[in-house]
Amino acid sequence: MTSSSSRHMDSSAAATTTMPRPVVRPKRKKVLVDYLVTFRWIPAIFVALPLSALIHLCIYIGGVLASIKSEERRRREHEENVAKVVRRLKQRDPKRDGLVCTARKPWVVVGMRNVDYKRARRFEVDLSAFHNILEIDTERMVARVEPLVSMGQLTKVTCPMNLSLAVAPEFDDLTVGGLINSYGISGSSHIYGLFSDTVVAMEVVLADGRVVRATKDNEHSDLFYGMPWSQGTIGFVVAAEIKLIRIKEYMRLTYTPVRGTLKEIAQAYADSFSFSFSSSSRDDAGGDSKKQQQVPDFVEGMVYSPSEGVMMTGVYATAEEAKKKGNRINRVGWWFKPWFYQYAQTALKRGEFVEYIPTREYYHRHTRSLYWEAKLIIPFADQFWFRFLLGWLMPPKITLLKITQGEAIRNYYHDNHVIQDVLVPLHKVGEVLEFGHRELEVYPVWLCPHRLFKAPVKAMVQPEPGFEQHPRQGDSSYAQMYTDVGFYYAPGAVLRGEEFDGAEAVRKLEQWLISNHGYQAQYAVSELSEKDFWRMFDPSHYDHCRRKYGAVGTFMSNYYKSKKGRKTDKEVREAEAEAIVEAAAAEADAAE
Ligand SMILES: Cc1cc2nc3c(=O)[nH]c(=O)nc-3n(C[C@H](O)[C@H](O)[C@H](O)COP(=O)(O)OP(=O)(O)OC[C@H]3O[C@@H](n4cnc5c(N)ncnc54)[C@H](O)[C@@H]3O)c2cc1C
């Protein structure tokens, strides 16, 4: 079954009999927007790429200027900016003004939602000044940062110090505020959980202008557990203290090819990192203990087809080890290098291999190719000549892609394209891969394990009830092992020119998730009705926090923000009126 160089599940006969067949659809007639999408590479190369380079230069200069500010000045600016947020919130007149949200432009955010609530009446609060790293505290091992600090900005500062966020999501442009209030994950989440699990403290501005510090065990611990997944509908995070870990200069990465049915690939993926997991605890697994040798520091899986995948496990390594004679160093960050997902795929031909990648380059390995989405935007951008000539300009900024796409192309993507991350219990990965093959047929599929910790409250996202009584592979008494399964690309039906109903496919996926204790990442387009939204996410603790911290009546509700489609005036008025009634009820409750 398992050779030294690859894992081959000897079951090709079983594969053909049990493999779910993708749904066959009628052919679709091409329309104008198909051609606009086909030739999107023209504005992408001639407009988006040069402007992206300019933006990167501005960001770089901004970063240099920010880094020469003294810590004292950054702290002072932070206090002034918090005071501005408080003043702005106090200016709001509930009878005249809309519900509160941030002033971040919809085309600036990385997520794929339409952010339709920003096309209706609203009361915006500008958080754009909050982009400073306030402190890197190497004694407490925390980074105190403002919410608009991006992952690229942070790794640039921490990696040279051999430090990293415990969970450092791969894509450079993701921000701390978005990752806490929505969702965030990385290849180390099988140890540390989601991004929000690595937060030690949050400084939050509440609806009434109070500024509180919430930690796991202070008087605002309920707020601490209420903020993740709340989408900024309880309060504004204006600073966060985030756990740091010690790292080494290189990642020793093992690529293991796997062949078999989707269920067998899922099992090989689980075996790649969780063979002796239950014995390790949240903190000791990342240290220098013996257990670290058993549990890799980084894990990711890529499923390339219904019968092939490559599993990758990484362990931090010193420069001394990486540079030893005979070891191979791969600088994946160089602009002309093959795109990471394509390079990893070569393991299917080469067999298992090991190499060393500089740690920061490893963290951001999927940035240049936007995972694999860049192939759809500039189909030849992965070619050798393009990488050499223009690879250094990649990727086009998501912001510019959004600005240049227009409504027709955006709707086209909703219908003919899938970008969804779904979080499912590890033991369900095989099933969701089969579901995905049947309904979406999107490849590659990204697999990234993450622990889902049991919280002392009924948080929006929780492990399966009673999982600890029947622990499965990767589970411990305090956390269940989940996996982020990322479906991003044009579905097989679309590539074959068949009809495909993206909204219907997402609806089916959401129903599957509700039935299987899974969750949809909140940056992705959602088709959920309000009832189903609250069947997927537990409202108990969220509602408690909204009422206790005065968010009802001021901040939009989570579903109102998530709901797809332009809001009518009537909907907006109803939400505002409902908020005022609910706020009065909440005040009466508090007075009792
Ligand atoms: C191409 C692409 C690549 C991606 N790569 C990754 C990845 O590698 N890893 C990963 O984990 N995810 C990834 N994602 C998904 C990503 O996690 C989400 O988009 C996430 O929400 C962060 O995006 P953002 O920083 O733009 O946040 P935003 O979209 O700006 O914010 C997300 C939510 O949080 C709220 N919010 C933001 N700041 C605050 C604040 N200060 N206080 C209160 N509420 C706030 C916003 O109102 C919004 O509701 C990717 C998405 C795409 C499209």
Could you pull out every one of the lysines with an alpha carbon less than 25 Å from that of LYS29, ignoring same-chain neighbours closer than 8 positions? LYS375, LYS508
Measuring from label point to label point, each 7 Å out along Cα→Cβ, what is the LYS95 to HIS56 span in nm? 5.4 nm
Distant-in-sequence amide H partners of VAL100 (H built 1.01 Å from N, under 5 Å): PHE123, PHE555, MET556
Compute the distance from the alpha-carbon center of region 188-219 to that of region 524-592, in whole Å. 21 Å
How far is helix 71-91 tilted off the main Cα axis of the chain, in degrees rounded to 10, range 0 to 90? 60 degrees
Run lengths n ≥ 4 of DSSP H only: what is the helix-derived mean residue ellipticity at 222 nm for the chain, with -39500 (n - 2.57) per run over all residues, to the nearest 500? -10500 deg cm²/dmol
Global geometry of region 183-283, whether rounded, prolate or oblate, following the gyration tensor of its Cα atoms and the 1.5 cut on a/c: prolate
Tell me the chymotrypsin sites (Phe, Trp or Tyr not before Pro) within region 436-496 that lie in a loop according to DSSP and have at most 14 other beta-carbon atoms within 10 Å. TYR478
From the cross-link list LYS95/LYS570; LYS243/LYS337; LYS69/LYS337; LYS397/LYS561; LYS248/LYS402, which pairs have alpha carbons spaced over 27 Å apart? LYS243/LYS337; LYS69/LYS337; LYS248/LYS402
So what J values fall out for region 49-58 if you push phi through Karplus, 6.51 cos²θ - 1.76 cosθ + 1.60 with θ = phi - 60°, rounded to Hz, Gly and Pro as x? 5, x, 5, 4, 4, 5, 4, 4, 5, 4
Please list, ordered by chain and number, the residues whose modelled amide H lies under 5 Å from the amide H of GLN522; skip anything fewer than 5 residues away on the same chain. TYR183
Report, ordered by chain and residue number, the aspartates and glutamates lying within cross-link reach of LYS325, taken as a straight Cα distance under 18 Å and ignoring same-chain residues fewer than 8 apart. GLU249, GLU355
Quick check on the chain: what are the equivalent-ellipsoid semi-axes from the Cα gyration tensor, as sqrt(5λ), descending, whole Å? 36, 28, 26
Quick one: which residues, 5+ away or cross-chain, put their amide H under 5 Å from the amide H of ALA317? H built at 1.01 Å from N. LYS248, GLU249, TYR250, MET251, ARG252
Once the in-chain neighbours fewer than 8 apart are removed, the aspartates and glutamates whose Cα is under 16 Å from LYS30 read ASP415, GLU498, GLU499, ASP501
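In µm²/s, what is D for region 71-151 at 4 °C and 1.567 mPa s, where D = kT/(6 pi eta Rh) by Stokes-Einstein and Rh is the Kirkwood radius from Cα pairs?
So the translational diffusion coefficient is about 88 µm²/s.
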DSSP loop GluC sites (Glu not before Pro) in region 92-151 with at most 14 other Cβ atoms within 10 Å of their Cβ, which ones? GLU139
Enter the angle in degrees (range 0 to 90, nearest 10) between the Cα long axis of helix 262-274 and the first principal axis of the Cα atoms of the chain, meaning the one along which they spread out most. 70 degrees
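Go through 23-36, 199-212, 90-103 and give me the packing order, highest mean Cβ count within 10 Å leading.
Those peptides, ordered most packed to least, come out 199-212, 90-103, 23-36.
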Enumerate the calculated ³J(HN,Hα) couplings along region 511-518 in order (Karplus 6.51 cos²θ - 1.76 cosθ + 1.60, θ = phi - 60°), each rounded to whole Hz, writing x wherever the residue is Gly or Pro. 5, 4, 5, 4, 6, 10, 6, x
Region 449-530 - Debye-derived log10 I(q)/I(0), Cα point model, q = 0.14, 0.15 Å⁻¹: -0.61, -0.68
Return the Rg/Rh ratio of region 306-422 with Cα-based radii and a Kirkwood Rh. 1.02
With θ set to phi - 60° and the Karplus curve 6.51 cos²θ - 1.76 cosθ + 1.60, what are the ³J(HN,Hα) couplings of region 309-317 in order, to the nearest whole Hz, using x for Gly and Pro? x, 10, 9, 10, 10, x, 10, 4, 9
What does the C-alpha gyration tensor say about the overall shape of region 134-248? Classify as rounded when a/c is under 1.5, otherwise prolate if a/b is larger than b/c, or oblate. prolate
Just to confirm the filter: which trypsin sites (Lys or Arg not before Pro) across region 498-592 are DSSP coil and have at most 11 other Cβ within 10 angstrom of their Cβ? ARG566
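Rule-based calculations on the coordinates, nothing more; no lab input. Note that this is a predicted model, so its numbers are computed, not measured. Backbone-built Cβ (ideal geometry, glycine too); neighbour counts: all protein chains shown.
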